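Below is one structure, written out as structure tokens, with a few remarks after it.
The values are calculated or read from the model by the stated rules, or taken from the named source; none is laboratory data. What you are looking at is a predicted structure, and each value in this text was computed from that prediction instead of being measured. Heads up, the Cβs are rebuilt from the backbone with ideal geometry, glycines too, and the neighbour counts pull from every protein chain shown. These area figures cover heavy atoms from the full protein model, side chains too; ligands, DNA and RNA do not enter into them. Shrake-Rupley method; radii C 1.70, N 1.55, O 1.52, S 1.80 Å.
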Amino acid sequence: MIKILFICHGNICRSPMAEFILKDMVRKRSLTDQFHIESAATSTEEIWNGIGNPVYPPAREVLLAHGIDCEGKRARQITAHDYEAFDLLIAMDENNLRDMARVWPEDPEGKIQKMLAYAGENRDVADPWYTGDFSKTWDDIYRGCEGLLATIA
């Protein structure tokens, strides 16, 4: 089983979108039993009194427009243990990589990657929190997930 953790700043937009897009892709390919997919945040900004916020409504709407339900997902923060628990730790942008390095200063197993590297691009996934363009973020993440699956296959 391949264990993948998608990571962004708050775990309410990009990383949960990646989590549920990839879950949908593997389900459609009948590969669900070969993957464990989650998402997490580098910060605690979307976690209050130990309870994470749900997926941000516009992100949820974009997923639903593509027939993907993310009901029940709540933000959680990365932990030191996640390095051992997951095979891949996939960041959405350079800031995420910087914040992840505070938790995992070393990457001896080469688990830490940037999302769009799987699409052959050296840039960040567009952050809809700032751009307001959730469709662009969908496109970035979808391409990254397709490339990730092609790489794993």
Can you tell me the length gained on complete extension of the stretch D133 to H36, counting 0.36 nm per residue apart and subtracting the Cα distance?
32.1 nm
Which percent, nearest 5, of DSSP beta bridges in the chain are antiparallel?
15
If the convex hull of the alpha-carbon atoms of region 46-131 is projected onto planes in all directions, what is the mean projected area in square nanometres?
7.1
Just to be sure I understand the rule: take each whole DSSP H helix in the chain, project its Cα atoms onto its long axis, keep it if the span is 24 Å or more and its mean Kyte-Doolittle hydropathy is at least -0.5. Which ones pass?
134-152
Using alpha carbons only, how many angstrom separate the centre of region 100-153 from the centre of region 1-76?
13
Dipole magnitude of region 1-130, debye to nearest 20 (Cβ charges: Lys/Arg +1, Asp/Glu -1, about Cα centre):
300
So how long is each side of the chain along the principal axes, counting just the alpha-carbon atoms, biggest first, in Å?
39, 39, 29
For the chain, what % of the accessible area comes from carbon and sulfur atoms, probe 1.4 Å?
50
How large is the accessible surface per residue of the chain, computed with a 1.4 Å probe and reported in Å² as a whole number?
50
Below 18 Å, Cα to Cα, which lysines can K23 reach? Residues fewer than 8 away in the same chain don't count.
K3, K73
So the pair-distance distribution of region 10-89, from every Cα-Cα distance in 10 Å bins, comes to percents of 19, 47, 31, 4
Quick one: putting +1 on the C-beta of Lys and Arg, -1 on the C-beta of Asp and Glu, what dipole do you get for region 58-117 around its Cα centre, in Debye to the nearest 20?
220
Roughly how large, in nm² to one decimal, is the mean projection of the convex hull of the alpha-carbon atoms in region 97-153?
4.7
Taking R0 as 30 Å, what FRET efficiency do you get between E106 and A150 from their Cβ-Cβ distance, rounded to the nearest 0.05?
0.60
Expected output is a single nm value to one decimal: the length gained when fully extending between L64 and N122, i.e. 0.36 nm times separation in residues minus the C-alpha distance. What is it?
18.0 nm
Region 72-115 - Rg (one decimal) and Dmax (whole number), Cα, Å:
10.5, 34
